[in-house]
Amino acid sequence: MSMLASLTAAREPGQGITPRRILLAWSTQVRVINALVLRETKTRYGNYKIGFLWALIEPLVGVSVFVAIFANLRNDSPGGMPLVPFMLVGFICYGLFRDPWSCMQGAISNSRNLLTFPQVTTFDVILARGILEVLVTFFVLGFLLYMAYLAGFEVRCERPLGVLLVCLLLCILGLGMGFLFASLEPLIPSIKQFGTQVLGRPLYFGSGLFFSADSLPAPIREYLLYNPVLHMIELVRGEFFHEFETAYGSWFYASMWSFTTLAVGLLTHQAVHKRAIVKK
């Protein structure tokens, strides 16, 4: 959408869209988004003493709390998987969905000064936040799994390509939710609280971060399996751990939700972005 705007703005009367103009528009798009990602990085992590460490501390604290609880409540490993890697994979992969969605929501409202530049669009400022969160979460996942390995825990990825594919589905779902909520937030400010309180907390506790689907009673499991994130967490653990094969994670269901949500988010953004800019 932003590249299309660049093409339209760059086209002179009587001239069509040529391959050269497409490359020029693409190059401009990439430079703008790269600059916005760098700006977000400096704003988010460069203005505080703790900086980037918070991205590592937050999931580490959450994992430590649940590991301590489960280690005292039960002696066996969930589904035969090592407890610490089990929790790390669940919590951090969930962040690939939650963090882009959460941080993209206020992109338009917080970037109105940038939108005065003709090269910068609402699409750019929203996407830049999502890209930053995805990159940071991938780094955190790799770093903490490596730390767990150095600490003596068994960390062995059975099918790396499968893990990557599920992570991409989680990212796509998070970006779709991010575009949807970021586009609507300037028009409906309360939608942010709706996402955090009404959707966020149930998803956090119902997405399999600290349990596997086969450990649940059948009536509860049947209800929770409507949640696509639970399918993705089941799938990523099935791809990561050789001890675990999920009987409930569906690639089709997860993919359908991810790509449909992204399409809805982009279509919503295209429909309301002009109204979102002028809304005070």
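Here is how the numbers come out for the structure above:
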| quantity | calculated |
| --- | --- |
| Among the residues listed as Gly200, Gly178, Gly208, Gly195, the single one being touching a Leu at 6+ places or on another chain (Cβ under 8 Å) and either surrounded by fewer than 17 Cβ atoms within 10 Å (Cβ to Cβ) or of a type outside the set (Val, Ile, Thr) (or both) | Gly208 |
| The lone exception for Ile92 - which of (1) touching a residue at least 60 places away in the same chain (Cβ under 8 Å); (2) crowded, with 24+ Cβ neighbours inside 10 Å; (3) of a type outside the set (S, T, N, Q); (4) part of a helix (DSSP H, G or I) it fails | (1) |
| Region 238-260 residues that are surrounded by 14 or more Cβ atoms within 10 Å (Cβ to Cβ), paired with ones that are modelled with pLDDT under 90 and among the aromatic types (Phe, Trp, Tyr) (beta carbon under 7 Å, 6 or more apart) | Gly238/Phe244 |
| Matching residues, region 111-125, being more than 18 Å from Lys42 (Cβ to Cβ), in a helix (DSSP H, G or I) and of a type outside the set (S, T, N, Q) | Leu115, Phe123 |
| The listed residue being over 23 Å from Val229 (Cα atoms) and part of a helix (DSSP H, G or I), out of Ala71, Ala107, Ala55 | Ala71 |
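The values are calculated or read from the model by the stated rules, or taken from the named source; none is laboratory data. The structure presented is a predicted model; accordingly, all values stated were derived computationally and were not measured. Every residue, glycine among them, receives a Cβ derived from its backbone with ideal geometry; neighbour counts consider all protein chains shown.
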